[in-house]
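Before any comments, here is the structure.
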Amino acid sequence: MKTILSGVQPSGMLTLGNYLGAISQFVNLQNSSDDQELLFFIADLHAITVPQDATILRKNIKSLTALYLACGLDPNKSTIFVQSEVKEHSELGYILQSLTYIGELERMTQFKDKMAKQTQGVSSALLTYPVLMAADILLYNSDYVPVGVDQKQHLEMARNLAERFNSRYSDTFKIPEPLILKSGAKIMSLQDPTKKMSKSDKLDKATIFLLDDENIIRKKIASAVTDSDGFIKYDVDNKPGISNLLTIYSCCMNLSIKEAEEHFKDANYGTLKSEVSDSIIKVLKPIQDRYNEILNNNDYINKVLDTGKEKASYIASKMINKVKHKVGLGRF
Ligand code: AMP
Ligand code: TRP
């Protein structure tokens, strides 16, 4: 039986990029087979690698749980839990730090990008972030990790650490593989389509949030940066704005990029933008309706997270005991 695991940070409202690149993949994987172990968590420990307001963070943890459920994760099939509630993540993260070189962490692209943006001091947890992520993955002997393309380098780090541990202490961890979609793995900013669409973009209209209402979605798409060529073609280098809109449309409509291009071959940019908005609303509206129902049901959310915590802790505690024993930690 294969194990599939992934996490999302509760560091703000989720974006259309998170949905198309990651969460829709979780749901499709979940529904594709019954013979698999699925674990999806709320990466709250990762969120505090940059400053967070405690009240807002706790609210975001609940909101992300409700969104997971609203997007179609089914607690009868998937284990849904909060990372910080399973203490073994931090424990294994620390142990793996002892095998990680500072130099390889300093070379991580996301660290360099985030450090450049940081106005207050850069925490050491931001540097060791990929090690905690490796712990998340290796703790459960994950075979596959569905993520957006920005996490590829972190997955490589997890594979390296697994191999390093295995060769130093004997075979212990499975070597995980990333699952990255061909299309949708990197949805771009609507205002600068050479940059990733991100939760933390300062320009609100650069990002579609999963809870944006219909009018806001239409306005944001209408003001999306395109070009002045006047024709619709998928060409990321020369037409990044139009290519991003075609990607969003094709993902929301379940079409290939070729089919989306064909659909718009005689259309103008106005028509493209209006149909892209329709396609997003078609996907997000049912999620928003379910979200609003679930968010009011504290008992249900708590039950899902309690069950998830128990199941995840059971698997994680067995692994951490094995690891500590191999490393020589604890009593003789
Ligand atoms: P994060 O919000 O950084 O916790 O990301 C959660 C998941 O969403 C990860 O698998 C990311 O790779 C994915 N993701 C984030 N932003 C995008 C984007 N703009 N396009 C596609 N996937 C994304
Ligand atoms: N670092 C991931 C992100 O920002 C979130 C994450 C944390 C994750 N731990 C993980 C994803 C383990 C996959 C597997 O998107």
What residues qualify as long-range amide H neighbours of M188, i.e. H under 5 Å apart, gap of 5 or more or another chain, H built at 1.01 Å from N?
M197
For the range 276-286, just list the computed ³J(HN,Hα) in residue order, Karplus coefficients 6.51, -1.76 and 1.60, θ = phi - 60°, integers in Hz, with x standing in for Gly and Pro.
5, 4, 4, 5, 5, 4, 4, 7, 7, 4, x
Relative contact order, percent, the chain [alpha-carbon distance under 8 Å, six or more residues apart]
22 percent
What whole-number distance in Å separates the alpha-carbon centres of the range 272-332 and the range 1-63?
6 Å
Whole-number percent relative contact order across the range 118-195, with pairs defined as alpha carbons under 8 Å at least 6 apart
33 percent
Counting pairs of alpha carbon atoms under 8 Å apart in space and at least six apart in sequence, what relative contact order in percent does the range 1-127 give?
29 percent
Orientation-averaged projected area, Cα convex hull of the range 64-126 (nm²):
6.7 nm²
Please report the antiparallel percentage of the DSSP beta bridges confined to the chain, to the nearest 5.
10 percent
Mean shadow area (nm²) of the C-alpha convex hull around the range 239-332 is 11.5 nm²
Protection proxy ranking of 189-201, 18-30 - average other beta-carbon atoms within 10 Å, highest first:
18-30, 189-201
If you filter the range 124-185 for trypsin sites (Lys or Arg not before Pro), then keep DSSP loop positions with at most 11 other Cβ within 10 Å, what is left?
K182
36 Å tail of the calculated P(r), the chain, as % of Cα pairs
21 percent
For the range 195-211, Karplus-derived ³J(HN,Hα) couplings (6.51, -1.76, 1.60; θ = phi - 60°; whole Hz; x for glycine and proline) come out as 10, 5, 5, 9, 4, 9, 4, 5, 8, 4, 7, 7, 10, 8, 8, 4, 9
Any idea what the alpha-carbon Rg over 2.2 N^0.38 Å comes to for the range 1-146?
1.06
Descending semi-axes in whole angstrom, ellipsoid equivalent of the range 144-253, from the Cα gyration tensor
36, 15, 12
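Any read-out appearing in this document is the output of simple, stated calculations on the displayed coordinates, not a laboratory observation. Predicted model only: the values in this text are computed from it and were never measured. Because the Cβ atoms are built from the backbone with ideal geometry, glycine has one as well, and the counts that use them run over all protein chains shown.
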